[in-house]
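Undergrad: I have a structure here, written as structure tokens, and I will follow up with some questions on it.
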Amino acid sequence: MTSGPQGVHRIRVEGMDTDAAGHHHNTAITRWVESAEAALVRERGVVGYFGTAPRVRHEVDFEARLWFGQEVTATVVLERVGTTSMTFGFEVWGEAFEDRPRTRAAVGKYVTVHVPGGADRSRPWPPEWVAVLTDGP
């Protein structure tokens, strides 16, 4: 992943995150990554982002399984801000667990676009959002 503003979400794999084999279901990765994205925009003080920023592209490489009870760290990095879209990179890591070392479970990218309420197509990001997401702490 490239450097840029980051959001981090830490959680433990719970029963609802697993399938019948006892390891994570692929959809859990998306939920954890979205929680890291929410942390990023919340920490930057962006209000109104969710509900106006649908994903239009999402790709993920699944590299390792995560197990019930294992701690997980999802990190999102804002890699690019365009006029109407943003590109995020992410990694999801399973922390050391039982006899398993810390291992990257998933890596990927996704793109969101700004579609404010009622719009029929994407619109430019609000300048104040761009400012805090690119120049903030």
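The values are calculated or read from the model by the stated rules, or taken from the named source; none is laboratory data. Because the structure is predicted, anything quoted here is derived from the model rather than measured. Calculation scope for accessible area: heavy atoms of the full protein, side chains included, ligands and nucleic acids excluded. Shrake-Rupley method; radii C 1.70, N 1.55, O 1.52, S 1.80 Å.
Undergrad: Compute, for R55, the solvent-accessible surface of its heavy atoms (probe 1.4 Å) with the complete set of protein chains present, and express it in square angstrom to the nearest 10.
TA: 80
Undergrad: How compact and how long is region 80-137, expressed as Rg and Dmax of its alpha-carbon atoms in Å?
TA: Gyration radius and largest Cα-Cα distance of region 80-137: 16.9, 51 Å.
Undergrad: As a test question: what accessible area, to the nearest 10 Å², does H25 have when a 1.4 Å probe is rolled over all protein chains in place?
TA: That residue has around 80 Å² of solvent-accessible surface.
Undergrad: Quick one: grab the alpha carbon gyration tensor of region 8-78, order the square roots of its eigenvalues as a ≥ b ≥ c, and give me rounded if a/c is under 1.5, else prolate or oblate depending on whether a/b is larger than b/c. Walk me through the numbers on the way to the answer.
TA: Numbers: a/c = 2.37, a/b = 1.83, b/c = 1.30.
Because a/c hits 1.5 or more and a/b exceeds b/c, region 8-78 counts as prolate.
Undergrad: I'd like the projected area of the chain, averaged over all directions, using the convex hull of its alpha carbons. Report it in nm² with one decimal. Write down the numbers at each step before the final one.
TA: Values: hull surface 35.0 nm².
Taking a quarter of the hull surface, the average projection is 8.8 nm².
Undergrad: How large, in percent, is the carbon and sulfur part of the accessible surface of the chain at a probe radius of 1.4 Å? Show your work: numbers first, answer last.
TA: Values: 3800 of 7290 Å².
Of all accessible area on the chain, carbon and sulfur atoms account for 52 percent.
Undergrad: Just to confirm, what accessible area per residue do you get for the chain at 1.4 Å probe, in whole Å²?
TA: On the way: 7290 Å² over 137 residues.
Solvent-accessible surface per residue comes out at 53 Å².
Undergrad: Please give the length that would be gained between T83 and F62 if that part of the chain were fully extended, namely 0.36 nm times their separation in residues minus their C-alpha to C-alpha distance (nm, one decimal). Intermediate results must be reported in sequence, preceding the final value.
TA: Numbers: separation 21, 0.36 × 21 = 7.56 nm, distance 3.03 nm.
Additional length available on full extension: 4.5 nm.
Undergrad: Using only Cα atoms, find the angle between the long axis of helix 26-43 and the longest principal axis of the chain, and express it within 0 to 90 degrees, rounded to the nearest 10.
TA: That works out to roughly 50 degrees.
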